[in-house]
1. Quick check on T194: is it within 14 Å of the chain's Cα centre (by Cα) and β-branched (V, I, T)?
2. How many residues, within the range 148-176, are assigned to a helix (DSSP H, G or I) and open to solvent by less than 40 Å² (accessible area, probe 1.4 Å)?
3. Considering only residues that are surrounded by 15 or more Cβ atoms within 10 Å (Cβ to Cβ) and of a type in the set (S, T, Y), look in the range 217-245 and name the one that is nearest to K322 (Cα to Cα).
4. Which count do you get for residues in the range 231-256 that are under 14 Å from the mean Cα position of the chain (by Cα) and either of a type in the set (G, A, S) or in a loop (DSSP other than H, G, I, E, B) (or both)?
5. In the set T276, T259, which member is open to solvent by 30 Å² or more (accessible area, probe 1.4 Å), touching a helix residue (DSSP H, G or I) at 6+ places or on another chain (Cβ under 8 Å) and β-branched (V, I, T)?
6. What pairs come out if I take residues in the range 272-285 that are touching a residue at least 24 places away in the same chain (Cβ under 8 Å) and pair them with residues that are acidic (D, E) and open to solvent by less than 10 Å² (accessible area, probe 1.4 Å) whose C-beta lies under 7 Å away, six or more apart or interchain?
7. Exposed (fewer than 15 other Cβ atoms within 10 Å of the Cβ), assigned to a loop (DSSP other than H, G, I, E, B) and under 18 Å from the mean Cα position of the chain (by Cα): does that describe L144?
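The values are calculated or read from the model by the stated rules, or taken from the named source; none is laboratory data. Computed from a predicted structure; not experimentally measured. We place every Cβ from the backbone using ideal geometry, glycine too, and count neighbours over all the protein chains shown. The protein model used for the area step is the full one, side chains on, heavy atoms only, and it has no ligands, DNA or RNA in it. Shrake-Rupley method; radii C 1.70, N 1.55, O 1.52, S 1.80 Å.
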Amino acid sequence: MSRPKMTSLYPEKTQRIYKLPLIIQQGRQIQEPKLQGPWIVKGKRARAESINPVQDHPHEHTHGRPSPQARMGGSEGDTRSSDDQKDDIPVENYVAQRYIENPYLIGGRKFDLRVYVLVMSYIPLRAWLYRDGFARFSNTRFTLNSIDDQYVHLTNVAVQKTSPDYHPKKGCKWMLQRFRQYLASKHGPEVVETLFRDIDNIFVKSLQSVQKVIISDKHCFELYGYDILIDQDLKPWLLEVNASPSLTASSQEDYELKTCLLEDTLHVVDMEARLTGREKRVGGFDLMWNDGPVSREEGVPDLSGMGNFVTNTHLGCVNDRKKQLRQLFYSLQVQKKASS
């Protein structure tokens with residue numbers, strides 16, 4: 001059976017989901033001067049301390065640091081022309097992204113979502129989505145009047161924990177279940193289903209976009225941390241994808257989430273070869289893509305019309321992982337005894 005195209009499952013166009021970044025270098029003008037800020041400028045360190053919100057052209061805020069020889073015009077006895085020397089000046093690459101000026105606010109504060117996706121294979125693409133995650137809030141009410149205030153615009157815990165208003169016991173996170181319940185109570189379950197379907201689309205499309213360039217090794221896996229921003233129109237935006245995401249806990253809830261996440265990751269990796277390979281759920285992970293979309297229904301779904309097809313994703317839903325693991329491994333033991 002041929003696999004359906006993603007466009008039949010997710011009608012939203014990719015261009016409506018992603019805001020593509022501009023790659024720039026220190027001292028070089030942006031090729032499209034009509035583009036206006038504000039911007040988010042990120043250095044290659046890809047950590048919170050290298051992220052800066054700016055109002056004007058981002059090239060004015062990139063600070064490549066030439067070597068001492070380059071700053072002095074080259075080494076002693078260097079007779080090359082000044083143009084050649086300029087070409088050799090080392091510069092730091094930056095990514096400039098258009099800032100989303102209308103983020104969805106809760107309590108007047110900006111937030112983004114951290115969601116976990118486990119990729120077991122790129123060829124064929126086999127990806128699992130974790131049910132749990134969290135919304136990361138800023139400690140300061142949102143405003144565009146102070147674009148250089150990181151406590152307003154950056155939701156990273158590494159930034160927010162240094163805020164004078166930060167409360168270490170309360171933290172600045174909501175569990176995804178709480179966030180989904182909040183949206184459902186305010187906008188209705190159908191609107192929330194549409195939003196989370198569009199978020200699913202981001203996961204799949206982003207993985208497909210790099211599928212041909214990532215080295216695929218059946219002995220390897222990767223856990224990604226996705227950062228998703230939602231605007232006032234309930235439209236999700238992909239901020240970035242983090243390989244080897246931070247697993248440092250900032251609260252008891254955070255600690256429990258991440259320890260369960262690590263345990264379930266090892267269950268899916270299955271180094272003891274206990275699974276059959278046909279499972280669609282293991283602990284808190286749901287099989288999202290297996291060389292094609294995965295249905296919630298048991299058996300082989302009818303993909304001809306796609307009318308009743310529902311993807312096997314449950315982001316922000318109840319995660320009764322302990323109960324599921326007990327049932328899963330009990331049924332596997334029964335099957336093993338019956339076949340022996």
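1. So T194 does not fit the description; no.
2. Number of matching residues: 6.
3. Looking at residues that are surrounded by 15 or more Cβ atoms within 10 Å (Cβ to Cβ) and of a type in the set (S, T, Y), I get Y224.
4. Selection size over the range 231-256: 4.
5. Residue meeting the stated conditions: T276.
6. From residues that are touching a residue at least 24 places away in the same chain (Cβ under 8 Å), the pairs are K280/D286; V282/D264; G283/D264; G284/D264; F285/D264.
7. Answer is no for this residue.
Every residue, every condition in (1) within 25 Å of T155 (Cα to Cα); (2) of a type in the set (V, I, T); (3) modelled with pLDDT of 95 or more, yes or no:
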{"site": "I230", "(1), (2), (3)": "yes, yes, yes"}
{"site": "S244", "(1), (2), (3)": "yes, no, no"}
{"site": "Q252", "(1), (2), (3)": "yes, no, no"}
{"site": "G283", "(1), (2), (3)": "no, no, yes"}
{"site": "L325", "(1), (2), (3)": "no, no, yes"}
{"site": "V334", "(1), (2), (3)": "no, yes, no"}
